[in-house]
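Bear in mind these aren't lab numbers, they're just calculated from the coordinates by the rules spelled out. Bear in mind that the values here come from a model prediction, so they are computed numbers and not experimental data. Counting neighbours? That spans all protein chains shown, and the Cβs are built from the backbone with ideal geometry, glycine included.
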Amino acid sequence: MSITEKTSVSFTLNGTHHTITVNPLRRFSDILREDLGLTGTKVGCDAGDCGACTIQVDGKQRYACLTAAAQLKGCNVRTVEGLSSNGNLSTLQLAFLDEGAAQCGICTPGMLMAAQSLLDQTPNPSEPQVLDALGGVLCRCTGYTKIVQAVLKAGQSSFSQTITEIENPSSEINRQKSVGTRMLKVDGYKKITGEEIFGADNAPENSLWLRAVRSPHARATFTHADPETVLKKFPGLVRVLTADDVPGNNGFGIYPHIKDQPVLAKNHVRFRGEAVLALVGDRESVESVTEDDLGLKWEVLEAVRGWKGALSGKLEPVQSEVPDNVLARGFLKKNDVEMAFSESDIVVEGKWTTSAVEHGYIEPEAGYARKVGQRLEIFVCTQTPYMDRDEVAQVMGLEPKQIRIIPSAVGGGFGGKLDLSLQPLVAIAAWILERPVRCIYTRPESLASTTKRHPVSMSAKAGCNRDGKLTAFEYHGDFNTGAYASWGPTVADRVPIHCSGPYLVPSVLAKTRALLTNESPSGAFRGFGVPQGSIASEALMDDLAEKTEIDPLEFRIRNALRKGDRTATSQLLENSVGQVECLEALQSHWQIWRKEAGVFNQNSTHKKRGVGCGSVWYGCGNTSLSNPSTMQVGINADGKITLYNGAMDIGQGANTIMIQICADALGLPATQFEYVMGDTDLTADAGKTSASRQAFVSGKAAQLAGENLRAKIILLAEAAENATLCLEQTDSSSGGKLIVADKTGSQEIILADILPLANGDVLTGEGTFDPPTTPLDENGQGSPYATYGFGAHIAEVEVDTLLGTTKVLRLAAAHDVGKAINPTQLEGQIQGGIAQGLGMALMEEYIQGVSENLHDYLMPTVGDMPEIKVILIEDQEPLGPFGAKGIGEHALIPTAPAILGAIKQATGVSINHLPVTPDRLYTALREAENK
Amino acid sequence: MKPFEHFAPDSVGEVLDLLQSIPKAKLIAGGTDLLLQMKQGSAQPDTVISLKNVEELRGFATRKARFRLGAGMTLRGITRSPELKKHFPGLVYAASVVASEQIRSLATVGGNICNASPSADLIPPLLALDAVAHIVSRDGQRDIPLADFFKGPGKTILKSGEILLSLFLPQPSGNMFYSKHAPRQFMDLAVVGVAVRLQKNQGMVREARVALGAVGPTPLRAKKTEALLTGKTLTPKLMLEAGEMAADECSPIDDIRGSAWYRKRMIKIHVRRNLEALL
């Protein structure tokens, strides 16, 4: 039997028989998503490395991206769309919802199908069986803990009894107070059914495809053929975009004064992965055109690499405007550090380096643009719709109001979706061609072209007196910021403020530099350099504890910042400083774990256990800059209540907590709310989802919006301040009612009687909050943040000293969050932060041209995670919504220091380069033996 | 993807006929390697022959004193076979640590072998078990010790027109242990893989097999180490020496997963640990 190009394949899909005529080696993921329109199955890598596309074939879990069409002949296929029946969620889906197992939701369909394959065969699985079944799906948000719990729960017969309660949330409707409850994620249903629409899941039907052609060289000049000659050769190509096609400024960047990264490079590239041309046409054509077809000719130049390369001055500077390659400097000076060291009883110091780290969101960048009249609509995964709008406008030479950003659901961000990626490319193409244009980054493209965590080379010194009271701290850090600024200056600014840790240090000196090199641009990644800096400060705390013979946890408690203390910037901490409580909450675990590790080590020759700790403090919001959020809420004539939420939910749960906060401020049940997320035409600017600011800043705005609406309603009803509200929602024929009751009686507001606004709302509330900060002076002194989050982790590791391998056995995390708006979501954030911190400590290392895929770039799998205990401390922040502050970045920062401390306690060896891969640890152990 | 011809024959005979007339045709079993290679452009076949329907490639059976393992058996199939678990627990373990369940339910033992990756997890155990590759073509058939099957990364002795039909495994004498050294728990390639089989008689080693993965252009048998062990009683000193000798016998490279230097040291420790486990 011979078939050329196409064959007929019959199979059953979610109970329905299908016969399709298709290229026999077409990937089944493409068939599902593009031919059959079933976008519940996600594609994260297209190479069998991430598991997002996991489906069931004859009951067994498989990667759809590695399954050829012809392999499915006669098979029974099930996808996430086939899990629920007639709108009834499966037991497994309900368990995911109940446990909060889905955060961003991009891995969720794959996780569900992997778990379902296990449950079909083993209805009541053990934990090792669950780990093995989920081992082929990566999750970057959750740290896997809640996913494993959900699968175990789905396997328990007792769970089915609680199902009715989850399915019918009416029990929550009567619950007037929502803040502090484990309210289910408002977008959870969409995430566990595969209905959530991510960047690659939607585009107008007649969309053209765009693919950027990228530099294979770190530094080169180039020429290319005349686009017209290329177009003649490829009838499926519609346009080849070059730098000359950028209508406005061919440069973008975070800061108003630095727009250094070209949309398309002109003649000269500065890093491997930089876009030089963009092909627009049908998908097959844009994918098949090669470099040769485009006549691309490179003259490769010697690249500036690493910190030393940046400072050597041997090569032409990376950017001619920055002759010494020092893009930005950070500086902080509090008192006389030199004198303080000379008066210290004990001084310790060290040097450390770290590697580039990839965000590793499972959703590669994707979206589309289309021209609507004289405006552009851009649908894209982003952490910052308003900044995207303004950036695209200046690249296009248009007014910001001519750009509408419609965010898709975001399949993870972690800082990596704060910079522009495909937005300007599709915008230019759609504007010029007057047709919708879509683009989906491949995984290698996403890895090569987007930002990374800054590699740093740092040295630090700390001193204390004999009683273990800190006296002085000094820090120098050179951050490799790559070819373009991205968030490099922010990192250079943030690190000095935080580098001495959450400790009271009388004298501090810190100097940082952001250095330009011909490497991947380093940008924002969960912590803006503070996770790297903490490795130095926490290692020095351990060293000082050792020298003073004080228990390391006790040492940290003695020196922890307390209310009334002044920080390294001399800011007075008046409220919400829960550092001591966090450390003390870990004390009993700390003592027991250390004791148990000691007993283990007495009986073990090669395997050694140790327990280490790390602390964190981190300012919520932008550094000494205005960063306001505005939130709006409205009720329409039908009684539909909508939160216009500009705070992007990238998986962390902003959609849910903003409603919880607004609902309580207003006095209506959160379950009555609907929401709009991030659309720049429909929501006000709530700033970026970054800097751990949304819960604190936008949350406060949501509270103020709720209070604003409540005040209007009270006024309208002439009721008492403490009146209770009841919203009767109906279909449009009869109209909705608001019943306002106080001691004197109750008032009915007939909503249809009020003149509606353009969007149909009849009653609205708005709130704006900008956290109060002061500028930093020339010595970096001032009040850069309105509040700080605090926390600490302790980790127990087991090191195989003959192999150099490290397994993290258990980890306890205590965080002062001010007020836990939603404990389930907080736990999820913390567990996920721990997974990323663990990856940074032990395995993650991005090397250009080498780890440009997810099987060489290793991120933790479900099997790499320790048992995690989360402790929430609530030292309320008066400025925050109901006392709350941020957690996003705090969750990750102490993990790596705790793990490194544990390795040192287990082995006696300090590791000064991250990640601590087995070969590095092995080498260090052997060197220590030979000393 | 450029156009190509696709065949899905039902029998080995048809596969061999096709291969004879189209010698450059690519075979596809699970497809986990080929689909990736085609996506990356490193494989651009004009003709693809699917082995999915070929009955003769399947199954595991006992024949006289030896076992036949069909090249088309999936790794998942290996991990679920009670027969294999009973006779070859070390091989089943090796199959269970390949990639992930999703890959294991597609990938086949034949594919793992013919792809000839130096780090393939199944190959060291099969070498330690004295597996014989049963190769067929239109011109006949030949049985080659698996140890002689590999020529380099991605290269085997298979000639144009030949396919790997099955593996023969002799009745195993002694126990076999496989250890995989990988920094990540799931979905990771071996930094080194070590399989050791010992047949002992009253404490003395009668026959030893030491097979190593990811430390040379092909998986290899450490024959000097095997000779060192044979005829001796396992002592701590001997086990240490065996580890050192195995490390000397291999020729790893530096890559992102570890330096050559580190790999040699891991061979030393894993060989010794596997010997200790077989004490």
Taking R0 as 35 Å and r as the Cβ-Cβ distance between residue A:374 and residue A:753, the FRET efficiency 1/(1 + (r/R0)^6), rounded to the nearest 0.05, comes to 0.40
Answer check: segment A:7-82, Cα atoms, Kirkwood Rh, Rg/Rh ratio of 0.91
Any GluC sites (Glu not before Pro) in segment A:364-446 that lie in a DSSP loop and have at most 10 other Cβ atoms within 10 Å would be A:434
For the pair residue A:229 and residue A:766, the simple spin-label estimate (label points 7 Å beyond Cα toward Cβ) gives in nm 5.7
Taking A:538, A:574, A:287 and counting other beta carbon atoms within 10 angstrom, the fewest-first order is A:574, A:287, A:538
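Figure the gain on full extension for residue A:715 and residue A:308 (residue separation times 0.36 nm, minus the Cα-Cα span) and round it to one decimal in nm.
That works out to 139.9 nm of additional length.
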Expected unfolding gain across residue A:731-residue A:681 under the 0.36 nm per residue rule, minus the alpha-carbon gap, is 15.4 nm
As a Kirkwood estimate from alpha-carbon pairs, chain B has a hydrodynamic radius in angstrom of 19.2
Between residue B:223 and residue A:587, the two model label points (7 Å from Cα along the beta-carbon direction) sit apart by a distance in nm of 6.7
Fraction of alpha-carbon pairs in segment A:1-142 farther than 19 Å apart, rounded to whole percent, equals 50
In the protein assembly as shown the DSSP beta bridges are antiparallel at a rate, in percent to nearest 5, of 80
Mean separation of Cα contacts under 8 Å (at least 6 apart) over the residue count of segment B:175-277, i.e. the relative contact order in percent, is 26
Scoring only Lys, Arg, Asp and Glu (+1, +1, -1, -1) among other residues with Cβ under 14 Å from the Cβ of residue A:517 yields +1
Listed with the fewest Cβ neighbours within 10 Å leading, A:308, A:417, A:819, A:333 appear as A:308, A:333, A:819, A:417
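Normalized C-alpha radius of gyration of segment B:175-277, against 2.2 N^0.38 Å?
Working: Rg = 13.2 Å, N = 103, 2.2 N^0.38 = 12.8 Å.
Cα-based Rg divided by the globular estimate yields 1.03.
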Percent relative contact order for chain A, counting Cα pairs under 8 Å at least six residues apart, stands at 13
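Nothing charged except the Cβ atoms of Lys and Arg (+1) and of Asp and Glu (-1): what's the magnitude of the dipole of segment A:92-243 about its Cα centre? Round to the nearest 20 debye. Spell out each step's value before the answer.
Numbers: 15 positive and 15 negative charges, 145 e Å.
Charge dipole, segment A:92-243, about its Cα centre: 700 debye, nearest 20.
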Burial-style ranking of B:4-16, A:877-889, average other-beta-carbon count within 10 Å with highest first, yields A:877-889, B:4-16
If the label point sits 7 Å along Cα→Cβ of residue A:242, residues of segment A:274-297 with amide N under 14 Å come out as A:276-279, A:294-297
Between the modelled labels at residue B:141 and residue A:86 (7 Å from Cα along Cα→Cβ) the distance in nm is 5.5
The residues A:798, B:226, sorted from fewest to most surrounding Cβ atoms within 10 Å, come out as A:798, B:226
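Can you tell me, using C-alpha contacts under 8 Å and at least 6 residues apart, the relative contact order of segment B:5-50 as a whole percent?
59
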Cα pairs beyond 45 Å in the protein assembly as shown, in percent, come to 39
